[in-house]
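The values are calculated or read from the model by the stated rules, or taken from the named source; none is laboratory data. This structure is a prediction, so every number in the text was calculated from the model and none was measured. Note that each Cβ is placed from the backbone with ideal geometry, even for glycine, and that neighbours are counted across all protein chains shown. Heavy atoms of the whole protein, side chains included, go into the accessibility calculation; ligands, DNA and RNA do not. Shrake-Rupley method; radii C 1.70, N 1.55, O 1.52, S 1.80 Å.
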Amino acid sequence: MKEQKAIVLMYHQIVPEDSPEGWIPSRLADPAYGVGVQEFTHQMAYLQSSGFCLTSLDGWFRSLGSPDSSKNPAIIITFDDGYESDCSLAAPILSNLGIPATFFVSTGHLGLKGMMTESNVQALSQNSLFDVGAHGASHAFLTTLSNEDCLSELKLSIARIRDLTGERKVSMSAPGGRVNSSVVHAVRNSGFFALMTSRPGVLYPGLDPFSIPRLPVMARHSLKNFKQLLNPHSWTFRFDYWVRSTKQSLRNMGNVIGLEG
């Protein structure tokens, strides 16, 4: 028997019922990433009833070495940015179903309109199902910063999360999923235990914990699409992988051209 692989799902804002089309909680949000609260409820109910191993990132790493006979990957739920709707809408659904999740918070946005407050972060951290990670301080793309500014972003954010939660073991999600070798080096040296990216793919045993792939769940995903995203052999999974890989390759080419210019 092999060790269990995992799919890491990436959410952003959860959209309240009866919200107008294109609703966003703050200027940080993109409506394409807004998942309706009813759709989110259906997705979580499907996971809970379908025999998936629902675990945290830390729990998955701690289980490595244990053989697994399941054909399904483990599922790890994450949220980026730190929207208030993640706390008020998503967290109660997850808690009721007993599903773990990690909420990555942009610490410099705490208390702003549509964003979590310090009290929200503390409340989440007190629930044994939930972890709170860092998403930088200002939400700046780390690859655009000098080495000094990148380290400052990372150290400010991890210190704030540790202060609010009392936890020493903190993971990091790169804003915009933007990472390179310099960013990875800075994240390692800042005291984080893992780094989430937006690189598509599956989390396999032995993969570098500072290069964790994730799959975004978006407004356009129906429950049928969502189910297919959980199958690495499905057309939906492969198409999403191709699209996101192509976009990242083009972005990287643009960065290189910009530097050479």
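Over 30 Å from ASN127 (Cβ atoms), without any contact (Cβ under 8 Å) to a residue 24 or more places away in the chain and not acidic (Asp, Glu): does that describe LEU145? Yes; evaluated as a whole, the condition is true for this residue. Can you spot a residue in region 193-201 that is of a type outside the set (Asp, Glu), open to solvent by 30 Å² or more (accessible area, probe 1.4 Å) and closer than 15 Å to ASP58 by Cβ? Among the residues of region 193-201, at least one is of a type outside the set (Asp, Glu), open to solvent by 30 Å² or more (accessible area, probe 1.4 Å) and closer than 15 Å to ASP58 by Cβ, which makes the answer yes.
Scanning region 158-183 for residues that are open to solvent by 30 Å² or more (accessible area, probe 1.4 Å) and aliphatic (A, V, I, L, M), which turns out nearest to GLY136 (Cα to Cα)? If we take residues in region 158-183 being open to solvent by 30 Å² or more (accessible area, probe 1.4 Å) and aliphatic (A, V, I, L, M), then ALA159 is nearest to GLY136 (Cα to Cα). The residues of region 175-186 that are free of Cβ contacts under 8 Å to residues at least 40 places away in the same chain and among the β-branched types (Val, Ile, Thr), listed by number, are VAL179, VAL184. Apart from one condition, VAL184 fits all of (1) touching a strand residue (DSSP E or B) at 6+ places or on another chain (Cβ under 6 Å); (2) more than 19 Å from ARG27 (Cβ to Cβ); the exception is (1). For region 107-147, a residue qualifies if it is part of a helix (DSSP H, G or I) and crowded, with 17+ Cβ neighbours inside 10 Å, and the qualifying residues are THR107, GLY108, HIS109, ASN120, VAL121, LEU124, SER125, LEU142, THR143. Of the helices (runs of 4 or more DSSP H) entirely within region 32-106, those holding at least 1 residues that are at pLDDT 95 or above, surrounded by fewer than 15 Cβ atoms within 10 Å (Cβ to Cβ) and not aliphatic (A, V, I, L, M) occupy 37-49, 91-97.
Residue pairs whose Cβ atoms lie under 8 Å apart, sitting 6 or more positions apart in sequence or on different chains, and linking a residue in region 41-57 that is farther than 18 Å from PHE79 by Cβ to a partner that is among the hydroxyl-bearing types (Ser, Thr, Tyr) and surrounded by fewer than 17 Cβ atoms within 10 Å (Cβ to Cβ), are GLY51/SER70; CYS53/SER70.
Residues that are among the acidic types (Asp, Glu) and at pLDDT 80 or above within region 216-261 are absent altogether. Restricting attention to region 207-238, the residues that are closer than 17 Å to TYR46 by Cβ, assigned to a loop (DSSP other than H, G, I, E, B) and open to solvent by less than 20 Å² (accessible area, probe 1.4 Å) total 4. Exactly one residue out of TYR241, TYR204 is surrounded by 15 or more Cβ atoms within 10 Å (Cβ to Cβ) and out of contact with any helix residue (DSSP H, G or I) (no Cβ under 9 Å at 6 or more places or on another chain): that is TYR241. Residues that are of a type in the set (Val, Ile, Thr) and assigned to a loop (DSSP other than H, G, I, E, B) were ranked within region 148-188; the one that is modelled with the highest pLDDT is VAL170.
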